[in-house]
Amino acid sequence: MSSDRIKIVWIYPDLLSTYGDQGNTIVLERRAALRDIPTETVHLRSDEPVPDDGDIYLLGGGEDRPQILAAQRLRADGGLTAAVQRNAVIFAVCAGYQIIGHEFGGEEGQPLPGLGILDIRSGRGAQRAVGEVVGDVAAELNVPRITGFENHQGATTIGPNARPLAKVVSGVGNGDGQGFEGAYAGHTLGTYMHGPALVRNPALADLLLTWAVGMELPPLQPSWSERLREERLNAVLTPR
Ligand code: GLN
């Protein structure tokens, strides 16, 4: 944390914000406030420079064309690469997840360059993945089973310098046949889970806050978010 508050930068809501991704910023603000940690959130439009003093950068999902434009502008800006180098937290969903990798598939599946800040590559999957996804998170992250909604054509393969965020229990996830969902390395974490992901998985929000402040946070009373998570888990995993 660079100052007395956590600075949250929501990257390009004008291009990357499907399925209520703004909820991720709100949950981070709220769960920090409940621990008396002030936050400041910047909604960064795509014609503005990426600030160099953010603690947490959020990227949401997007349709193919806004995704391509966002990738071009972020590559030209360079600010996210610098943020990773100073160990800031990056949380990227779906189109944002694909953008932070080495490459992703364009409208016709043609390979387009990403930011290369997470060792993943995305291309066009065999078929669009739409629906609920549930995954068991890598043990070292200490986050219980996560749930979300996915809607993507892209499929993603993880390289040797990143690890799978979760093993898929239900749904598609990365969709490259390996049975994983999302990826992470250092303080950079990407996922296909919308929903929005941090609303549905408060422990994931707390992980990002912990990374940002550099220490463990006191636990909170179970909230509506936990109840929502339980409800979605039961809805997906309980046979009717
Ligand atoms: N356009 C990307 C894909 O279909 C990402 C979609 C999204 O963010 N929901 O793979």
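Residue-by-condition table, conditions (1) within 13 Å of the chain's Cα centre (by Cα); (2) among the small types (G, A, S); (3) in a loop (DSSP other than H, G, I, E, B):
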site: K7; (1), (2), (3): no, no, no
site: D14; (1), (2), (3): no, no, yes
site: L28; (1), (2), (3): yes, no, no
site: R35; (1), (2), (3): no, no, yes
site: T41; (1), (2), (3): no, no, no
site: E48; (1), (2), (3): no, no, yes
Unique residue being small (G, A, S) and either in contact with a helix residue (DSSP H, G or I) (Cβ under 6 Å, 6 or more places away or on another chain) or over 23 Å from L34 (Cα atoms) (or both) when the list is G214, G190: G190
Region 27-50, residues that are in contact (Cβ under 8 Å) with a residue 60 or more places away in the chain and buried (at least 17 other Cβ atoms within 10 Å of the Cβ): V27, L28, R31, A32, I37
Test result for G62, at pLDDT below 95 and either away from the ligand (no atom under 16 Å from the Cβ) or within 16 Å of the chain's Cα centre (by Cα) (or both): yes
Tally, over region 126-136, of residues that are more than 15 Å from the ligand (Cβ to nearest atom) and either assigned to a loop (DSSP other than H, G, I, E, B) or open to solvent by 20 Å² or more (accessible area, probe 1.4 Å) (or both): 1
So Y97, is it of a type in the set (F, W, Y) and either surrounded by fewer than 17 Cβ atoms within 10 Å (Cβ to Cβ) or within 12 Å of the ligand (Cβ to nearest atom) (or both): yes
Which listed residue, of R45, R5, is of a type outside the set (A, V, I, L, M, F, W, C), at pLDDT 95 or above and either more than 25 Å from G101 (Cβ to Cβ) or within 16 Å of the ligand (Cβ to nearest atom) (or both): R5
Any pair with Cβ under 6 angstrom, 6 or more apart, that starts in region 51-78 at a residue that is over 15 Å from L118 (Cβ atoms) and ends at one that is acidic (D, E): G60/D21; D64/E107
Conditions (1) in contact with a strand residue (DSSP E or B) (Cβ under 8 Å, 6 or more places away or on another chain); (2) surrounded by 15 or more Cβ atoms within 10 Å (Cβ to Cβ); (3) within 19 Å of I117 (Cβ to Cβ): number failed by G186: (1)
The lone exception for G175 - which of (1) part of a strand (DSSP E or B); (2) farther than 22 Å from V27 by Cβ it fails: (1)
One residue from G171, G123 being surrounded by fewer than 22 Cβ atoms within 10 Å (Cβ to Cβ), within 12 Å of the ligand (Cβ to nearest atom) and either acidic (D, E) or modelled with pLDDT of 95 or more (or both): G123
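The values are calculated or read from the model by the stated rules, or taken from the named source; none is laboratory data. Only a predicted model underlies this, so the values are computations on that prediction, with no experimental measurement involved. Here the Cβ is made from the backbone with ideal geometry for all residues, glycine too, and neighbour counts use every protein chain on show. Accessible surface is based on the protein model in full, side chains and every heavy atom, while ligands, DNA and RNA are left aside. Shrake-Rupley method; radii C 1.70, N 1.55, O 1.52, S 1.80 Å.
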